[in-house]
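To start, the structure itself, in structure tokens.
The values are calculated or read from the model by the stated rules, or taken from the named source; none is laboratory data. On a predicted model such as this, the values are computed, not experimentally measured, just so you know. Positions of Cβ are generated from backbone atoms using ideal geometry, with glycine treated the same way; all protein chains shown enter the neighbour counts. Just the protein is used for accessible areas: all its heavy atoms, side chains included, with ligands, DNA and RNA removed. Shrake-Rupley method; radii C 1.70, N 1.55, O 1.52, S 1.80 Å.
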Amino acid sequence: MNNHNLSRHTILILGGVAYSLLCVLALIYFKERTVFLDVTYRIFQIARTGELAIQANRFGEMLTQWMPLLMVQLKMPLTWVGKFYYVGVVLYFVVLFLICIKMIKQPLFGLCLIFFNTFMVSYTFWWMQIEFAQGIGLSILFFAWLGNKHRFQDMKIWEMILYLVFMRFLIYFHPLLPFVILFSCFYFLFDNNSNIKFNKSILHFTSLWVVVEFVLKKTLLKEAAYDNTAITALENFSKIFPDYFSIQSNKDFLNWCLSDYYMLPIGLVAIAATYVKFKQFKRLAYVFLSFFLYLLLINVSFYKGFPQFHIESFYLPLSVIVIIPLIFDVLPTIQNRTILISIVALILVVRVTHIWHRHEPYTARVEWQEQVIENTNEKTYQKLFIKEEDAPMDLLLQSWGSGLEFWLLSMYNNPDHPRNILVTKKIEKFEEKRQLNRHFIYEWQTIHYNDLPEFYFPFKDTSEFVLFTPTF
């Protein structure tokens, strides 16, 4: 196949424009990206403890959480904490992109990063804390770096240490990340790609290490409860055998391919046409088998269906499986440089525009929450219970984070008047807690005001919780 017609300068400009637009979206819709479930919970924990909020042993989150943590350590307002968090997540990928382009001088991997952040992303831009996405981005940088290493024997001591650190960090970044690393290793083991040459011994060793570490991790180490739940879902393979194709999750995915993930089938068609043209049938079989086997793994695990905003994060490796051969094998066959740049630019424009349009449900839920705050702004209504059946759950999606979301949103809008409002379907569980008039309550915990830093939790009232029914 032919050499790539996209220069490093061109990729730098395309990436700069794309990431600038994503940063603008992050700035405009900062409430939508931070007043949402797990993101809010992490901000809450950082503000409450003054420490990193690492969940399920996913220590890779420190790469983006240090920015809001720094703001908390400096006693900056919560608006600054939230802004540094949501912009920081975008800047994290910008830094990876610039390292690929400027330091490692692997512009095609920089293009992989741009595509990864746009190609099929719809809701994971708004559910921004996804550590899986951050881990995949780091793995792309890892392979960009490996592409410059000809042999293990040629590595300097600091480079070998960096390799070891990379591997350990990536393997424990997310339980599904080994699938991404293995796919990339075996893809680059095909030795007919003229754009980049990997040392086969390095790729063999890397893939072997991932497999051994994965097995040891599952057999010897105690998994986080969240990861155990995900692994338990694999039991569905035997539970629904042999009905793997008519399940609800497959139907949902097909519908989403029409509305959100349309670049995946388009990319697969382009890959198939290219491989058939150049008689690369082994590559064709490998890419398509990888795609559909991973898709089957996720869809059977959640065969009853799963909320799109959440399951999209599990689908992210599908974009990697399409993006890598698209960039390294398909795009180089386009000889006309103007047409090539136009195609790449068009993909980025369409996808960034798509991401922008997906702000609507998040804006709607923030507007409803702000309306609740505004319409109950009397002092006696500082703390409220709202029954889940009285709330628009089609907007809220899940209610467990509502107590923290209302606190954060009220602190954004009026730091002198924080609110503790909880939407819950377990109202009976909290009946006795109405007497806890000096406690902050959210779905899982009751915390006395004395145990909260007053700067971020300036609650001074002694009022009881009031049951409230929205009528708007």
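Can you spot a residue in the range 157-179 that is under 28 Å from Pro332 (Cα atoms) and touching a residue at least 40 places away in the same chain (Cβ under 8 Å)?
Yes, that holds for at least one residue.
How many residues, within the range 114-137, are not polar (S, T, N, Q) and not in a helix (DSSP H, G or I)?
Here the count works out to 9.
What residue, of Leu111, Leu208, Leu203, Leu182, is without any contact (Cβ under 8 Å) to a residue 12 or more places away in the chain and either part of a helix (DSSP H, G or I) or under 17 Å from the mean Cα position of the chain (by Cα) (or both)?
Leu208
What is the number of the single condition among (1) in a helix (DSSP H, G or I); (2) without any contact (Cβ under 8 Å) to a residue 24 or more places away in the chain; (3) more than 28 Å from Leu397 (Cα to Cα) that Glu51 does not meet?
Against the list (1) in a helix (DSSP H, G or I); (2) without any contact (Cβ under 8 Å) to a residue 24 or more places away in the chain; (3) more than 28 Å from Leu397 (Cα to Cα), Glu51 comes up short only on (1).
Can you tell me which residue among Met67, Met62 is touching a Phe, Trp or Tyr at 6+ places or on another chain (Cβ under 6 Å), without any contact (Cβ under 8 Å) to a residue 40 or more places away in the chain and either farther than 26 Å from Phe169 by Cβ or not in a loop (DSSP other than H, G, I, E, B) (or both)?
Met67
Run Arg337 past the list (1) at pLDDT below 95; (2) closer than 17 Å to Tyr275 by Cα; (3) open to solvent by 10 Å² or more (accessible area, probe 1.4 Å) and report the number of the one that doesn't hold.
The number of the failed condition is (2).
Conditions: (1) out of contact with any helix residue (DSSP H, G or I) (no Cβ under 9 Å at 6 or more places or on another chain); (2) within 30 Å of Arg33 (Cβ to Cβ); (3) in contact (Cβ under 8 Å) with a residue 24 or more places away in the chain. Gln335 meets all but one. Number of the miss?
Of everything listed in (1) out of contact with any helix residue (DSSP H, G or I) (no Cβ under 9 Å at 6 or more places or on another chain); (2) within 30 Å of Arg33 (Cβ to Cβ); (3) in contact (Cβ under 8 Å) with a residue 24 or more places away in the chain, Gln335 misses just condition (2).
Being among the charged types (D, E, K, R) and open to solvent by less than 10 Å² (accessible area, probe 1.4 Å) is the filter here; which residues of the range 340-366 pass it?
Passing the criteria: Arg351, Arg365.
Report, by residue number, each residue of the range 275-317 that is in contact (Cβ under 8 Å) with a residue 12 or more places away in the chain, more than 22 Å from Pro178 (Cβ to Cβ) and touching a Leu at 6+ places or on another chain (Cβ under 9 Å).
Once the filter is applied, which keeps residues that are in contact (Cβ under 8 Å) with a residue 12 or more places away in the chain, more than 22 Å from Pro178 (Cβ to Cβ) and touching a Leu at 6+ places or on another chain (Cβ under 9 Å), the range 275-317 yields Tyr275, Pro307, Phe309.
Mind listing just one residue for me: the one in the range 367-387 that is open to solvent by less than 60 Å² (accessible area, probe 1.4 Å) and part of a strand (DSSP E or B) and, of those, nearest to Thr118 (Cα to Cα)?
Among those that are open to solvent by less than 60 Å² (accessible area, probe 1.4 Å) and part of a strand (DSSP E or B), it is Ile386.
Tell me, yes or no, whether the range 433-446 has at least one residue that is modelled with pLDDT under 85, exposed (fewer than 13 other Cβ atoms within 10 Å of the Cβ) and assigned to a helix (DSSP H, G or I).
Yes: the range 433-446 contains one or more residues that are modelled with pLDDT under 85, exposed (fewer than 13 other Cβ atoms within 10 Å of the Cβ) and assigned to a helix (DSSP H, G or I).
Restricted to the range 388-425, and to residues that are over 22 Å from Phe30 (Cβ atoms) and at pLDDT below 90, which residue is surrounded by the fewest Cβ atoms within 10 Å (Cβ to Cβ)?
Checking each candidate, the answer is Lys425.
Looking at His204, His174, which is the one that is modelled with pLDDT of 85 or more and either in contact with a strand residue (DSSP E or B) (Cβ under 8 Å, 6 or more places away or on another chain) or open to solvent by 20 Å² or more (accessible area, probe 1.4 Å) (or both)?
Going through His204, His174 in turn, just one is modelled with pLDDT of 85 or more and either in contact with a strand residue (DSSP E or B) (Cβ under 8 Å, 6 or more places away or on another chain) or open to solvent by 20 Å² or more (accessible area, probe 1.4 Å) (or both): His204.
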